[in-house]
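The values are calculated or read from the model by the stated rules, or taken from the named source; none is laboratory data. Just so it is clear, the structure is predicted and the values come from calculations on it, not from any experiment. Virtual Cβ from ideal backbone geometry, glycine too; neighbours counted across all protein chains shown.
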Amino acid sequence: MKFPRHLVIASCAILLALADMAIASEACRPFVGKVDAELLAAMRISAAEGRLYRIVPGQSKVGFCVRHFPFQELRGEFTNIVGGLALPADIQEHGQALLLIHSSDMDASNPDLIPLLQSHEFMDTERYPEILFVGHSFEWHTHPLHGHIYGDLTLHGRTQPVVFDIEFEMLNDYEHARPARIFLSGTSQVNRMKFDMRSYRLVVSQTVRLCLSVELVPWDN
């Protein structure tokens, strides 16, 4: 049986649209139920339009530094992270960023302190196994790309606004007129008291410095 040409074309268009929707939904799967539905919808649109970039596993990390007695600094990092960055369709528009950190996968400059960091006195990773950052908007300042990402950090069951000072490096993909790879580095700092981590006030600093070092590629790569 031979189908009319216009029906074949219409069927192919529907299948392609469904494929794009499936790819976009897969991109947001780790964040379903954790992030506002409107933001996820915007990320799915970005995926379908080729503007969504995913974090490359093994090449990305989130670090933290905190000072403790006697005048020492504890450095640590999380390497089990997933997420993505949605570039805005226009430089004047807002982009979005999502980052999910599995807090139980942690390295530290003093491995003996990892159980304490993971305990209920600090991160309580048994009850709160994930750290979530939702970036709502970008603000660009200079070129090469430097600016800020404004968002909310959910840690230890508390959510607080956080601003990351960031720098971008982009490798061009002239064939597809989009960046082939994005390298992002950024820093911020938070007050652990605002996340209800109040133990050892006299020996551990309230201020925790955060640093991002992530590599991103187009979602469909």
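Odds and ends about this structure:
- Whenever a residue of region 170-183 is under 20 Å from His146 (Cβ atoms), its partners that are acidic (Asp, Glu) and at pLDDT 70 or above, lying with C-beta atoms within less than 6 angstrom and at least six residues away or across chains, give the pairs Phe183/Glu169; Phe183/Glu215.
- Of all residues in region 181-207 being of a type in the set (A, V, I, L, M, F, W, C) and assigned to a loop (DSSP other than H, G, I, E, B), the one that is farthest from Gln118 (Cα to Cα): Leu202
- Which listed residue, of Leu171, Leu210, is in contact with a Lys or Arg (Cβ under 6 Å, 6 or more places away or on another chain) and part of a strand (DSSP E or B): Leu171
- Counting only strands (runs of 3 or more DSSP E) wholly contained in region 60-152, the ones carrying 1 or more residues that are at negative phi and without any contact (Cβ under 8 Å) to a residue 24 or more places away in the chain occupy 72-78, 130-142.
- Gln72 falls short on exactly one of the conditions (1) closer than 22 Å to Val203 by Cβ; (2) surrounded by fewer than 20 Cβ atoms within 10 Å (Cβ to Cβ); (3) at pLDDT 90 or above, and that condition is (3).
- Comparison of Leu184, Leu212 shows that the only residue that is at pLDDT below 95, touching a Ser or Thr at 6+ places or on another chain (Cβ under 7 Å) and among the aliphatic types (A, V, I, L, M) is Leu212.
- Residue that is farthest from Cys65 (Cα to Cα), among those in region 129-159 that are under 17 Å from the mean Cα position of the chain (by Cα) and among the aromatic types (Phe, Trp, Tyr): Phe138
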